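This structure is in structure tokens; I'll ask about it shortly.
The values are calculated or read from the model by the stated rules, or taken from the named source; none is laboratory data. These numbers were taken from a predicted model, which means no experiment stands behind them. All Cβ positions, glycine included, derive from the backbone under ideal geometry; neighbour counts span all protein chains shown. These area figures cover heavy atoms from the full protein model, side chains too; ligands, DNA and RNA do not enter into them. Shrake-Rupley method; radii C 1.70, N 1.55, O 1.52, S 1.80 Å.
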Amino acid sequence: DKFWVAFGNTAFYAVATIVPQIVLGLAVALLLHGRAPARPLFRVLYYLPVVTSWVVVSLVFRFLFADQGLINYLLGEVAHVTDGQTSWLADRWTGMIAISALGIWKGVGWSMMIFLAALQGVPAALMEAAMIDGAGPWQRFRAVTLPAIRAALGFVTIMLVIGGFNVFISVYLMTGGGPAGRTEVLLTYMYNQAFGNLDFGYGSAIAVIVTLIVLALSLIQLRMFRNPDGGYV
């Protein structure tokens, strides 16, 4: 059934993009948190994809992942990893990988800025005390930094889940849901049912289902990130 294909693709996109955006965003934030002469420049460069139009970057990525595009050239002629003939946008899973790559590239800068702001609130006294006690970088990160940015981590995760289930423009412009609906996600499927087949009732039902899924996942995450005292910070 096409609905379950769209649901599976949406879930795949959410999982494939959320974890890398959190990990890479936090890693970049930690790197840019220290003092460096070009730190403002790097912050701007990493955040630039966030403010770039979804339409523009979707068309650019469609060109990059085309049969004769740059990705095939790099993988085939430069790295010799593949034969350079992969039809990325003509298959379900390779198409979803291409779409997910766009989502990760565009979202890392946003999570980085949230984590950078949270890192400003990490108590310096605790970090100094941990260093005096002989804690290494990983131990300080696990015992001091992570608990201090718990609220930011919860916020980023919830927002990324909502964004993952609301993916639309990149799918619509890169693959159009094709071939034969194999790269449809819930919102493109809803759009095609409502405005393509003029089945507004079915389209509205899909919209309600997406809303309930996002609400349920958000409530679960709120409970996961709640502190033992009942707060979120």
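If you scan the range 1-37, which residues turn out to be in a loop (DSSP other than H, G, I, E, B), open to solvent by 40 Å² or more (accessible area, probe 1.4 Å) and more than 26 Å from residue 172 (Cβ to Cβ)? Explain how you work it out, then say what you get.
Our first condition is that a residue be in a loop (DSSP other than H, G, I, E, B); within the range 1-37, this holds for 1, 34-37.
Of the ones still in play, those that are also open to solvent by 40 Å² or more (accessible area, probe 1.4 Å) are 1, 35-37.
Those that are in a loop (DSSP other than H, G, I, E, B), open to solvent by 40 Å² or more (accessible area, probe 1.4 Å) and more than 26 Å from residue 172 (Cβ to Cβ): 35, 36, 37.
Against the conditions (1) in contact (Cβ under 8 Å) with a residue 60 or more places away in the chain; (2) within 21 Å of residue 110 (Cα to Cα); (3) open to solvent by 70 Å² or more (accessible area, probe 1.4 Å); (4) not hydrophobic (A, V, I, L, M, F, W, C), where does residue 182 fall short? Just the number, please.
With respect to (1) in contact (Cβ under 8 Å) with a residue 60 or more places away in the chain; (2) within 21 Å of residue 110 (Cα to Cα); (3) open to solvent by 70 Å² or more (accessible area, probe 1.4 Å); (4) not hydrophobic (A, V, I, L, M, F, W, C), residue 182 is out only on (2).
Give the residue, chosen from 121, 176, 163, 134, that is within 24 Å of residue 213 (Cα to Cα), surrounded by fewer than 20 Cβ atoms within 10 Å (Cβ to Cβ) and over 14 Å from the mean Cα position of the chain (by Cα).
On the way: 121 fails: within 24 Å of residue 213 (Cα to Cα); 163 fails: over 14 Å from the mean Cα position of the chain (by Cα); 134 fails: within 24 Å of residue 213 (Cα to Cα).
After ruling out the rest, the residue left standing is 176.
Looking at the range 208-232, which of the residues that are over 16 Å from residue 8 (Cα atoms) and surrounded by 14 or more Cβ atoms within 10 Å (Cβ to Cβ) is modelled with the lowest pLDDT?
225
When you scan the range 199-206, do you find a residue that is hydrophobic (A, V, I, L, M, F, W, C) and touching a residue at least 12 places away in the same chain (Cβ under 8 Å), even just one?
Applying the first criterion (hydrophobic (A, V, I, L, M, F, W, C)) to the range 199-206 yields 200, 205-206.
After this cut, where a residue has to be touching a residue at least 12 places away in the same chain (Cβ under 8 Å) as well, the list is 206.
Yes, because at least one residue in the range 199-206 is hydrophobic (A, V, I, L, M, F, W, C) and touching a residue at least 12 places away in the same chain (Cβ under 8 Å).
Of all residues in the range 84-142, how many are touching a Ser or Thr at 6+ places or on another chain (Cβ under 9 Å) and of a type in the set (S, T, N, Q)?
4
Does residue 162 satisfy the criteria of being under 30 Å from residue 31 (Cβ atoms) and either free of Cβ contacts under 8 Å to residues at least 60 places away in the same chain or of a type in the set (S, T, N, Q) (or both)? Walk me through how you get there before you give the answer.
Numbers: under 30 Å from residue 31 (Cβ atoms): yes; either free of Cβ contacts under 8 Å to residues at least 60 places away in the same chain or of a type in the set (S, T, N, Q) (or both): yes.
So residue 162 fits the description; yes.
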